[in-house]
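Data block below; observations after.
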Amino acid sequence: MKRAVCPGSFDPITYGHLDIIERASAHFDQVVVAVLENRTKASLFTVAERIEMIRETTSKFPNVIVDSWSGLLVDYCKTNSVQAIVKGLRAVTDFDYELQMAQVNLQSGIETMFMATAPAHSFLSSSLVKELAHYGGDVSSMVPKNVNAALKVQVARK
Ligand code: PNS
């Protein structure tokens, strides 16, 4: 079975992430969306909340599953029989860092495949969405409905 991982913080998932996940699912038997449990990085949503939002928005793709992990991504890949990491590249500014990580991960025998982000999503990031939502901006074109609703709840709480 050809299994790939789409890793990330997904705090929260955006239409940019979803586009990459959907397109990756057309090329692999199974795609695992893996949420990094990073205890050193402050996040808006808990890992459980992020997983739930991703599950809701990817349930229409039968070969996509959602998981979380902590530690090195290559270790997750080896433990879970994942052969490839799939990442979206939004712009050349993503490239240096992503190439460096891909080369480090290749030393452990794990391939990284880059997909060009669809132009409609090239400006999109979870950080931008959070900032816009924080100041009452409209992010309905950037995130799925369930994420938009969850962002409104978070903003109202603060
Ligand atoms: O959504 P993000 O925060 O840009 O995702 C980055 C992520 C989680 C994919 C990346 O930081 C990662 O793979 N972290 C796990 C640790 C690791 O394996 N690092 C690469 C080798 S140093």
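Could you order Met113, Met101, Met1 by accessible surface area, starting with the largest, using a probe radius of 1.4 Å? The partial results should precede the final answer.
Numbers: Met113 90, Met101 65, Met1 145 Å².
Descending order: Met1, Met113, Met101.
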Euclidean distance between Cα centres, region 81-158 to region 28-52, Å: 12
Karplus 3J(HN,Hα) series, Hz, for region 137-142 with 6.51 cos²θ - 1.76 cosθ + 1.60 (x for Gly, Pro): x, 8, 10, 5, 8, 10
Residue-span extension gain [Asn146 to Ser125] - 0.36 nm each, minus C-alpha spacing: 5.9 nm
Value of relative contact order over the chain, rounded to a whole percent, pairs C-alpha under 8 Å and six or more apart: 28
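For Ser9, Ser70, what's the largest-to-smallest order of accessible area, 1.4 Å probe?
Sorted by accessible area, descending: Ser70, Ser9.
If I stretch the segment between Leu72 and Thr40 completely, what's the gain in nm (0.36 nm per residue apart, minus their alpha carbon distance), one decimal?
Working: separation 32, 0.36 × 32 = 11.52 nm, distance 1.45 nm.
Stretched out fully, the Leu72 to Thr40 stretch lengthens by 10.1 nm.
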Volume in Å³ per residue [convex hull over Cα atoms, computed for the chain]: 112
Linear extension gain, Arg55 paired with Glu22, 0.36 nm per residue minus alpha-carbon span: 10.6 nm
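Heavy-atom accessible area per residue, region 52-158, 1.4 Å probe: how many Å²? The partial results should precede the final answer.
Values: 6470 Å² over 107 residues.
Per-residue accessible area for region 52-158 comes out at 60 Å².
State the percentage of accessible surface on the chain attributable to carbon and sulfur atoms; use a 1.4 Å probe and exclude ligands, DNA and RNA. Each step should come with its number before you reach the end.
Numbers: 4820 of 8780 Å².
Of the solvent-accessible surface of the chain, carbon and sulfur hold 55 percent.
The values are calculated or read from the model by the stated rules, or taken from the named source; none is laboratory data. The shown structure was predicted, so the numbers you read here are calculated from the model rather than taken from an experiment. We work out accessible area using only protein heavy atoms, side chains counted, and drop any ligands, DNA or RNA first. Shrake-Rupley method; radii C 1.70, N 1.55, O 1.52, S 1.80 Å.
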